[in-house]
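First comes the structure, then the notes that go with it.
Read-outs throughout are calculated quantities, based only on the coordinates presented, and are distinct from any laboratory measurement. Being a predicted model, the structure only gives us computed values, none of them experimental. When we count neighbours, we look across all protein chains shown, and the Cβ atoms used for this are built from the backbone with ideal geometry, even at glycine.
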Amino acid sequence: MENQRINGNDLLAIGYQENHAMGVALKINKKRLGFTREEMLVTFKAVLEQPESYLHDPVFKPLAEVLLSIDTLEDETIALKEEALNYAVYGAEHIEDGAKKQMHVAMKLPVTVAGALMPDAHQGYGLPIGGVLATNNAVIPYGVGVDIGCRMALSVFDLPAEYLNTHHDTLKNVLKHSTRFGAGHGFLRHERTDHAVLDHSLFETHDFIRSLKDKAWTQLGSSGGGNHFVEFGIMEFASADATLGVAPGKYLALLTHSGSRGLGATIAGHYTKLAKEICKLPYEAQHLAYLDLHTAEGQEYWLAMNLAGDYASACHEVIHDKIRKALGAELLTKVENHHNFAWKEQFEGEEVIVHRKGATPAGKDTMGIIPGSMATLGFLVRGKGEETAINSASHGAGRLMSRTQAIKTLSATDLKTLLEDQGVTLLGAGIDEAPMAYKDIHTVMSAQTDLVDIVATFSPKIVRMADDGSRED
DNA sequence: ATGTGC
């Protein structure tokens, strides 16, 4: 195990503390530049003991600098509270410790008012995925996540579920032709769609946002990679729903999952960096850097985040319009919801900023969509307005294993069998999106019966995702 | 999550 990675514990063992110096040391170790693990450890110890001697070292200079300025750095640091606030956890027995630890740190932020962990939670960057955090007048870019405005959209058509059998090939072709998947990918110049969101004033007045407009246009109506999808399936309303006005029955439906593409990712990256420069937090909380909404930077992020949210919504609208028109179908009902976003909401009688990073808004009577996986049920839900959960629910089943773990351990044959058994046609996707890589959606749903009521179910039948490695046209 | 990093 000569080249096994050095981790935080190795550094603690040779005298490092859990602070920014450790972060820099781990970053340097990632590059490793031809040193063995032993050589690295010996040098790390030497730098710690005599940082002055390494101020001109090409590799260890950044570490020496941080070590020499660590006291000053800590003076500028905003202190966390001694005691973390309590937070509600739903389905705690199925949530990994890493996610709880991250939530615990978030509950120590001076701006935190309340928090909750949804049953699909797992470890993320800063705030866990499935984490909900209410703050006082502050917004955390990494509390929203990189894919700002990532959301679900559902169209239920006036076509019977049998349409999936009678027009299977048509539906497959419509899916292929109407969508674009893969990182960096979008539409060709002559295929672009116009949309009012592109006329947003920020695309003119704000230099940084303006520089993103052309790509935003190219990618409008595209889906991206990872766990994003566009799929046809069977929507089943077991009983009549008064509010939606849909009669009991099985219908053809379109379900989409995607976000704000390059536009949102670039905005997220820009303002996270800015937040980290402005808001210096202790090492364990560094990714939770926040922007005060009374500052120009905070206001700017808020506007940019909302634009990314509108853009994500527009992307879904383009996809749904194209497909509905291609089918010549009428819409029975449409539902959509963000699950990576921050909102101004009332909580216990006060206005707070609610961050949902992979969590579905579930205020009283708010409709939401909680997908399972490519071959398991998804759910149309109605929020119950549970204040303990900060009016939220899970945003899906949640990953059971990481992508790398899934690629290493799951069998393509098993996936094929599962898809055949469920009658699912899959276009694209890697094994890392296999249902076996996700928690059981029914377990997750039963952990949140206090948070949402199930209105209808969705069974995926023709699923389109990005190819392996998310390279595709 | 994203076509790219201190």
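Side notes on the structure shown:
- Residue-wise HN-Hα couplings along segment A:213-223, as the Karplus relation 6.51 cos²θ - 1.76 cosθ + 1.60 with θ = phi - 60° gives them from phi, are 5, 5, 5, 4, 5, 4, 8, 4, x, 9, 10 Hz; Gly and Pro carry x.
- Derived scalar couplings ³J(HN,Hα) [segment A:368-374; Karplus, 6.51 cos²θ - 1.76 cosθ + 1.60; whole Hz; x for Gly, Pro]: x, 10, 10, x, x, 9, 4
- Antiparallel content of DSSP bridges confined to chain A, in %, to 5: 90
- Diffusion constant of segment A:197-297 at 20 °C, which comes from Stokes-Einstein with the Kirkwood Cα-pair radius and 1.002 mPa s, µm²/s: 122
- Selection of trypsin sites (Lys or Arg not before Pro), segment A:356-448, meeting DSSP coil and at most 15 other Cβ within 10 Å: A:Lys364
- 15 Å beta-carbon shell around A:Ala375, net charge (K/R +1, D/E -1): -3
- Cα centroid of segment A:357-428 to Cα centroid of segment A:218-234, whole Å: 15
- From helices alone, chain A scores -10500 deg cm²/dmol at 222 nm; the rule is -39500 (n - 2.57) for each run of n ≥ 4 DSSP H residues, then divide by the residue total.
- Take the Cα of A:Asp450, step 7 Å toward its Cβ, do the same at A:Gln50, and the gap between the two points is 6.0 nm.
- The relative contact order of segment A:8-76, computed from alpha carbon pairs under 8 Å that lie at least 6 residues apart in sequence, is 31 percent.
- Total formal charge among the other residues, if their Cβ is under 9 angstrom from that of A:Lys384, Lys/Arg +1 and Asp/Glu -1: -2
- Relative contact order of chain A, pairs being alpha-carbon contacts under 8 Å that are 6 or more residues apart, as %: 19
- Relative contact order (percent, whole number), segment A:386-467, Cα cutoff 8 Å, 6+ residue spacing: 45
- The amide H of A:Ala393, built 1.01 Å from its N in the peptide plane, has A:Thr360, A:Ala362 as neighbours under 5 Å, considering only residues 5 or more places off or on other chains.
- Each residue of segment A:312-323 was assigned a 3J(HN,Hα) from its phi angle through the Karplus curve 6.51 cos²θ - 1.76 cosθ + 1.60 (θ = phi - 60°); the sequence is 4, 4, 4, 4, 5, 4, 4, 4, 5, 5, 4, 5 Hz, with glycine and proline shown as x.
- Length added when fully stretched, A:Lys280-A:Met436, from 0.36 nm per residue minus Cα-Cα: 52.2 nm
- Contour excess over end-to-end distance, with Cα ends at A:Leu12 and A:Ile78 and 0.36 nm allotted per residue: 21.4 nm
- Taking a point 7 Å from the Cα of A:Phe187 along the Cα-to-Cβ direction, the residues of segment A:297-337 with backbone N closer than 19 Å to it are A:308-329.
- Sequence-distant residues sharing a close amide H with A:Thr425 (under 5 Å, placed H): A:Ile462, A:Val463
- Of A:Lys100/A:Lys416; A:Lys322/A:Lys364; A:Lys81/A:Lys384; A:Lys101/A:Lys276; A:Lys334/A:Lys461, pairs whose Cα-Cα distance is over 27 Å: A:Lys100/A:Lys416; A:Lys322/A:Lys364; A:Lys81/A:Lys384
- Cα pair distances exceeding 29 angstrom across chain A, given as percent: 53
- Taking every DSSP bridge with both residues inside segment A:37-162, close to 75 percent are antiparallel.
- The lysines whose alpha-carbon is closer than 21 Å to the alpha-carbon of A:Lys45, local same-chain residues fewer than 8 away aside, are A:Lys27, A:Lys30, A:Lys31, A:Lys61.
- For segment A:8-76, the fraction of C-alpha pairs farther apart than 18 angstrom is 29 percent.
- A:His339 long-range amide H proximity, modeled H, under 5 Å: A:Cys150, A:Arg151, A:Met152
- Charge dipole of chain A (Cα centre as origin; +1 on each Lys and Arg Cβ, -1 on each Asp and Glu Cβ, all else neutral): 1120 debye, rounded to the nearest 20.
- log10 of Debye I(q)/I(0), alpha-carbon scatterers only, for segment A:364-473 at 0.12, 0.14, 0.17, 0.23 Å⁻¹: -0.47, -0.62, -0.84, -1.21
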